[in-house]
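Supplied in structure tokens, the structure appears directly below.
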Amino acid sequence: MKPDQLSKTEYSSFNATYINALEDVSLIEGLEKGLHQMVSFIATLPTEKLEYRYAEGKWTIKDILLHLIDAERIFAYRALRIGRGDQTPLAGFEENDYVPYANANSRSLGNLMEEFQLVRKSTLLLFENFSDQQLTFLGTSSNAIISVRAIGFLISGHQNHHLKIIQERYL
């Protein structure tokens, strides 16, 4: 399955921004490609840019990386709950509330990248082991309907969104 094969009823208009921006890749391909893309991209960044802010109050690249890790954990948790048939509505999260407590800039890049890779590998295993039926399960997250497979594409699209921001505003 590829992102353009999702029904528009499987995700909200907010999530469409991320999903519609994806390349023509399968769900698993997108997650795998994103893993390798992130590792390669981060390795090219000058050290002095890792804690750079392009404006006051903006996140650093390390903050963005930890945001991606945190968000992926939350998205994967939502997929797990929905994929196991849990119909409990799942709350949203305020990403800006996480950054002050995450302490990304006190961590080494190696430590952050190790965590990113482990989280992504865990996400891959989760999605590789959902049945075709489970991938179509619908649940409620952030007051909107979303399918398990849409969450998988959302993870990839969210990463691409932030990579684009880094390229445009930080480098």
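The values are calculated or read from the model by the stated rules, or taken from the named source; none is laboratory data. Being a predicted model, the structure only gives us computed values, none of them experimental. Every residue, glycine among them, receives a Cβ derived from its backbone with ideal geometry; neighbour counts consider all protein chains shown. What goes into the accessible areas is simple: the full protein's heavy atoms, side chains included, and nothing from ligands, DNA or RNA. Shrake-Rupley method; radii C 1.70, N 1.55, O 1.52, S 1.80 Å.
Give just the number: which of (1) touching a residue at least 40 places away in the same chain (Cβ under 8 Å); (2) open to solvent by less than 80 Å² (accessible area, probe 1.4 Å); (3) of a type outside the set (Lys, Arg) does residue 16 not satisfy?
Of everything listed in (1) touching a residue at least 40 places away in the same chain (Cβ under 8 Å); (2) open to solvent by less than 80 Å² (accessible area, probe 1.4 Å); (3) of a type outside the set (Lys, Arg), residue 16 misses just condition (1).
Testing residue 51 on (1) at pLDDT below 95; (2) acidic (Asp, Glu); (3) part of a loop (DSSP other than H, G, I, E, B), one condition comes back false. Which one is that?
(1)
Taking the range 1-46 on its own, how many of its residues are touching a strand residue (DSSP E or B) at 6+ places or on another chain (Cβ under 6 Å) and among the small types (Gly, Ala, Ser)?
Residues in the range 1-46 being touching a strand residue (DSSP E or B) at 6+ places or on another chain (Cβ under 6 Å) and among the small types (Gly, Ala, Ser): 1 in total.
Output the number of residues of the range 67-109 satisfying the condition of being open to solvent by less than 50 Å² (accessible area, probe 1.4 Å) and of a type in the set (S, T, N, Q).
1
Could you check how many residues of the range 36-51 are among the aromatic types (Phe, Trp, Tyr) and surrounded by 16 or more Cβ atoms within 10 Å (Cβ to Cβ)?
0
For residues that are part of a helix (DSSP H, G or I), open to solvent by less than 60 Å² (accessible area, probe 1.4 Å) and over 11 Å from residue 1 (Cβ atoms), tally how many sit in the range 128-147.
1
Residues being in contact with a Lys or Arg (Cβ under 8 Å, 6 or more places away or on another chain) and within 20 Å of residue 133 (Cα to Cα): count how many of those fall in the range 1-24.
Count: 3.
Residue 9 - would you say it is loosely packed, with under 14 Cβ neighbours inside 10 Å and modelled with pLDDT of 95 or more?
yes
Any idea which of 62, 33 is in contact with a Leu (Cβ under 6 Å, 6 or more places away or on another chain) and either part of a helix (DSSP H, G or I) or surrounded by 12 or more Cβ atoms within 10 Å (Cβ to Cβ) (or both)?
Answer to the selection: 62.
Could you grab me the full set of residues in the range 131-171 that are of a type outside the set (Val, Ile, Thr), out of contact with any strand residue (DSSP E or B) (no Cβ under 8 Å at 6 or more places or on another chain) and within 12 Å of residue 31 (Cβ to Cβ)?
Listed by number, the residues that qualify are 149, 152, 153, 156, 157, 158, 159, 160.
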